[in-house]
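Please read the structure below before turning to the comments.
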Amino acid sequence: MSRLQQRFAALKQADRKALVTFVTAGDPASHATVPALRALVEGGADVLEVGIPFSDPEAEGPSIQRSSERGLANGIGLVDVLAMVAEFRQHDGSTPVVLMGYLNSVLAMGPETFADLAAEAGVDGLIMVNLPPEESAEIRDLLEARGIDLVLLVAPTTTSERARMIAGAARGFVYYVSLKGITGAAGLDVSSVEEKVGALKTVSALPVMVGFGIKDPESARAVAQHADGVVVGSALVDTMERSAERPDNIPGLLTDQLRAIRAALDD
Amino acid sequence: MSNTDDSNANNSGGGFNLYEQPVDGHFGDHGGRFVAETLMHALDELESLYEELRADPEFQAELKADLQHYVGRPSPLYHAERLSDVLSGPQIYLKREDLNHTGAHKVNNTVGQALLAKRMGKRRIIAETGAGQHGVASATVAARLGLECRVYMGAEDVQRQSLNVYRMKLLGAEVVAVNSGTRTLKDALNEAMRDWVTNVDDTHYIIGTVAGPHPYPMLVRDFQAVIGQEARSQCLQMLGRLPDALVACVGGGSNAIGLFHPFIDDKEVRLVGVEAGGLGLSTGQHAAPLNAGSVGVLHGNRTYLMQDDDGQVLGTHSVSAGLDYPGVGPEHSFLKDIGRAEYATVTDDEAMEAFRLLNRTEGILPALESSHALAWVKNSADSFSADQVVLVNLSGRGDKDILSVAQMDGIEL
């Protein structure tokens, strides 16, 4: 059983919702990421998404765009991201780590080399924002052969036939994008999420995580009622940006912020 | 236009045995549809509507009427005799896209896409722009159809193309300066994609070049192919034969593919695309992905890109804002791979010399983009004989560049 499967099975058994977090590698400083990941686990994160900085993050809102620019300014490339995961793995063998980013990063390294190095570093999953299922078979197979899950996304505009196809092609979990828009946007509509995720769950054997626009305990609790878990990203990245000048404070702030969300989910 | 001696010239849809359509949106290894899931449905819709309309005589008639009465087509094919004499090389013919309404070839595409937007019932149009020509052409058709229009433009380009920015505002468009990334065309495209993903229900995104996710490279090509269709039959009418070479500048590559495409099966016709060599390829300060890039994925398609070892897209440099783009349309990447088209570069300085040469020999101010194509002809004139014909796409006029040229000359206007 993969780390993602184990984690979701344990959550199901405990009747708890999954709390998934996102931070960008190398933001705000190259040495800030691993302590941030540990702090998020301490605050109650079940799955850690780590963003690969990219020059053209076309689906991201301003918060994550800026975090990507800071990561790049700190010289963080995909090789460095993998090194951070390996470092995190030295002290945490159980929390799943999922890399998230844009296809060109993986293509530049070479999909097969990436799959080898990611497996070696202890990566559990990959989310490529701009890789639709139609183009994904080669990478999915390379990853799957090494025990890494290619997570696919479903959006509010996805038709029901497509949702069925995506649910069949996805591995690990299905990421439901809660709104038409960019990461961190406003305009979360919980009743629409309820309807779409409900339909998605009838065709997906995998857990459904909902992300985009979930920023606090209230929105997390509201969305989690209809899903297997929630993803919190921009709100954490904002916290890190505000403390960019005092990176030592970041782990404590992240733990506190996440504990409040965790409590709302477990309530 | 009428022509009796060439049955292929008006054959806009097919008849090219090399390939007819991209297969599943791919041109060989290039193209495809690499976008966020939220946009997949809109692209499917656009594709099926377009497939329907390209075979619809009513739509084609509407498009043809707009091109004739609003854009002013056909654009002339002009024998530049003095330029030919001065260069003592081939006979040079200019396809005068600079004479179109709004001053460039860009309007061929925006007129077509505006009709698509209307059929889809979209009330709002967005566009990205570099030099501002596509932004102006989008604002123009939006005004004509009473659609809301927002144009994204890199903050850097907003400064160097202030004239076009004001033009767009006069036409009723909202111009948004993009401050992320390198603050140029590629970042404007990113921001337009973000807008589209947010407003996909009521908004049509008019991509201005033959790049982006399928079906854009195909449909923009089809709308621009009117350039090559006209040029081909004009050439046959005026000269009784096809030209020896076609030359066009390549940024994203829409004017070039529009000229090349109807000639693809005419294997005896050389197809030459000219990329922006900037300060020279060896300096890294250029915008020439076909000459100095490698294959990657950006803005929805796989194509040659300027990128570093980590896959980060590099900033570009060109004297011409319209060529300042790190990628290129996937069909050009395909034509390069199969060897059907050749891609050269000229530097900023060479383009500026060609700009001035055309000013003085023919009384025409070309756009700095188009000046790159002219510069290649100037550099290569010796390799042609006087009975050979080189057809250059004069894709736009240089009015928008007057302020920056004056600045280079140290003159404040």
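Points to keep in mind about this one:
- Residue within region A:98-113 that is β-branched (Val, Ile, Thr) and open to solvent by 10 Å² or more (accessible area, probe 1.4 Å) present: yes
- Only one of the listed residues (B:236, B:242) is among the hydrophobic types (A, V, I, L, M, F, W, C), open to solvent by 10 Å² or more (accessible area, probe 1.4 Å) and part of a helix (DSSP H, G or I). That residue is B:236.
- Some residue of region B:381-392 being closer than 22 Å to residue B:257 by Cα, in contact with a Cys (Cβ under 7 Å, 6 or more places away or on another chain) and touching a residue at least 60 places away in the same chain (Cβ under 8 Å): yes
- Test: residue B:80 is farther than 30 Å from residue A:156 by Cβ and crowded, with 21+ Cβ neighbours inside 10 Å: yes
- You will find that of B:10, B:17, B:3, the residue that is open to solvent by less than 50 Å² (accessible area, probe 1.4 Å), more than 14 Å from chain A (Cβ to nearest Cβ) and at pLDDT below 95 is B:3 and no other.
- For beta carbons closer than 9 Å, sequence separation of 6+ or different chains, a first residue in region B:41-61 that is more than 14 Å from every other protein chain (Cβ to nearest Cβ) and a second that is among the polar types (S, T, N, Q), the qualifying pairs are B:53/B:60; B:54/B:12; B:54/B:60; B:60/B:12.
- Listed here are the strands (runs of 3 or more DSSP E) enclosed by region A:30-145 that have at least 1 residues being more than 24 Å from residue A:16 (Cβ to Cβ) and not aliphatic (A, V, I, L, M): A:47-51, A:97-101.
- Residue within region A:162-170 that is within 27 Å of residue A:34 (Cβ to Cβ) and open to solvent by 10 Å² or more (accessible area, probe 1.4 Å) present: no
- Residue match in region B:259-269 (condition: more than 14 Å from chain A (Cβ to nearest Cβ), in contact with a Ser or Thr (Cβ under 7 Å, 6 or more places away or on another chain), outside any loop (DSSP other than H, G, I, E, B) and open to solvent by less than 10 Å² (accessible area, probe 1.4 Å)): no
- Search result, residues across region A:2-29 that are closer than 16 Å to residue A:172 by Cβ, among the small types (Gly, Ala, Ser) and either open to solvent by less than 10 Å² (accessible area, probe 1.4 Å) or part of a loop (DSSP other than H, G, I, E, B) (or both): A:2, A:18
- Every condition in (1) of a type outside the set (S, T, N, Q); (2) open to solvent by 10 Å² or more (accessible area, probe 1.4 Å); (3) within 15 Å of the chain's Cα centre (by Cα) is met by residue B:112 except one, and the failing one is (2).
- Scanning region B:201-224 for residues being assigned to a loop (DSSP other than H, G, I, E, B) and open to solvent by less than 10 Å² (accessible area, probe 1.4 Å) gives a total of 8.
- Pairs where the first residue, in region A:65-80, is facing chain B (nearest Cβ under 8 Å) and the second is part of a helix (DSSP H, G or I) and open to solvent by less than 10 Å² (accessible area, probe 1.4 Å), C-beta under 7 Å, 6+ apart: A:78/A:105
The values are calculated or read from the model by the stated rules, or taken from the named source; none is laboratory data. Quantities reported herein were computed from a predicted structural model and do not represent experimental measurements. We place every Cβ from the backbone using ideal geometry, glycine too, and count neighbours over all the protein chains shown. Just so you know, the surface numbers come from the protein's heavy atoms only, side chains and all, with ligands and any DNA or RNA stripped out. Shrake-Rupley method; radii C 1.70, N 1.55, O 1.52, S 1.80 Å.
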